[in-house]
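Read the structure below first, then the notes.
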Amino acid sequence: MKHRALFVGLTTIDIQYFIDDIPIANTKIKTGNPDILVGGPATNAAVAFAYLNKTATLASPAGLNAFSSFIDQDLNSVGVDHFDLAYGQEFETILATVLTSKNGDRTIVTHNPTEVKSTISPQKLIDLVEPQIVLIDGFYPEFSLECVRICKERGIPVVADCGSWKPQFDELLDFVDIAICSADFMPPKSKNRKELFDFMTAKNVNSVAISNGDSEIEFLLKEKKGTVAVPKVEVKDTLGAGDFLHGAFCYYYVESTDFERAIQQAALLASFTCSFEGTRKWLNFDHNA
C-alpha cells in the first residue's frame, strides 16, 4: 500500500562542484562540469520518501523562470507530485552553489527566499492530499503555519526539519509532534542539548532527535533518552544526507509508528546516500543490497 506524505518548504537549484579541497581566499580552481540538481530540505526529504514509497507529495514554490521545466522534469522522474505554490507567477529560483571536497565535506552559498502568495490554500492542499504525515522545513512560514494548525486539529502528525534556528520556529513548534534537529540547531537562550530538549518539552514536542554527521543520533522520546548508531560508510558526499534522513524517517514512522525504530532505519538510508556523489545517483541502487 502506498502511503501519503506531504512535504512543505523549499525547492532550490543546487550547482555542485567536486574539488579536492575547499579553496583558500583569492584563489581560482578549475574542475569538471558541475552537477545541476533540484534540492532543498523539504524537496530532498520528499525524494527519499518517494524512493521508499514510489510516490510523495511536495508543496513548494517554483513558479515561472528559466528553471521551471527542469524542476518539473526532475521531480516527475523521482516520483514526487508537486503542488507549485507559485503556479503561474514569476518567481525567482533559489540558487545554491555547493563545493564538495574529496572527503565529502561541503560548503554552500545560498540565499533565503521571500514569502510567497500561494495559489492554493493550505486547507485545499491538505484536503486533496489527505496526508498521513506532514513535514515542514521552516521556510514559507505563513503557509506552513496554517498547514500545521490544520494538521493539529485533524490529528495528522507533523515532523519539523530543524536544520538551523529560524524565528518562525518559535510559533511553528507549538503545532509540531516530532522534531529532527541538526547539531547546529539551537533556540535562543539554549546553550546545550539538555536545554534544547527542555525547550522542546516545553513546546510539547515529545519526540526529538539530534543528528550530528556520522556521530550517534541522540533522541528524547517523552521521558526516555537514548542514542542511535549511524552506520559507517566510505563518504563521498554528504549533500542532502540530513534531508534524506528526514524523508526516510517519515516513511518508516508511517509504517510502524515506532519513533526509535524509524530513526534507526532512516539512519541506514541516510548513510547509504553519502557513499555516492551528488543527490541523485544513489536512487538507482537498492540500499538494502
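When every Cα-Cα distance of the range 181-289 is counted in 5 angstrom steps from zero, the calculated P(r) takes the values 2, 12, 22, 23, 18, 12, 7, 4, 0 percent. Diffusion coefficient of the chain by Stokes-Einstein, Kirkwood radius over Cα pairs, 10 °C, 1.306 mPa s: 83 µm²/s. With the convex hull of the Cα atoms taken as the outline of the range 1-87, the averaged projected area works out to 7.3 nm².
Which of rounded, prolate, oblate describes the range 79-229, given a ≥ b ≥ c as roots of the alpha-carbon gyration tensor eigenvalues and a/c under 1.5 marking rounded, otherwise prolate only if a/b is larger than b/c? Verdict is oblate for the range 79-229. Its relative contact order, with pairs defined as Cα atoms under 8 Å and 6+ residues apart, puts the chain at 17 percent.
Cross-link partners of residue 166 among lysines, defined as those whose alpha carbon lies under 23 angstrom from its own and excluding same-chain residues fewer than eight positions apart: 117, 152, 189, 191, 194, 203. With helices as the sole contributors, the chain gives -9500 deg cm²/dmol at 222 nm; each DSSP H run of n ≥ 4 counts as -39500 (n - 2.57), and the sum is divided by every residue.
With θ taken as phi - 60° and the Karplus curve 6.51 cos²θ - 1.76 cosθ + 1.60 applied, the whole-hertz 3J(HN,Hα) list for the range 134-142 is 10, 10, 10, 10, x, 7, 6, x, 5 Hz, x standing for glycine and proline. Expressed to the nearest 5 percent, the antiparallel share of DSSP beta bridges inside the range 5-278 is 40 percent. Taking a straight line from the alpha carbon of residue 2, these aspartates and glutamates sit under 19 Å away, with near neighbours fewer than eight places off in the same chain left out: 81, 127, 130, 255, 258, 286.
Along the axis of the charge dipole computed for the range 125-189 (Cβ charges of +1 for Lys and Arg, -1 for Asp and Glu, origin at the Cα centre), the listed residues 128, 147, 167 are led at the positive end by 167. Using +1 at the Cβ of each Lys and Arg and -1 at the Cβ of each Asp and Glu in the chain, identify which of 75, 269, 239 lies farthest towards the dipole's positive end. Of the candidates, 269 comes out farthest on the positive side.
FYI, it's all coordinate maths here, none of it is from the lab. Bear in mind the structure is a predicted one, so any value in this text is a computation, not a measurement. No Cβ is skipped: glycine too gets one built from the backbone with ideal geometry, and neighbour counts run over all protein chains shown.
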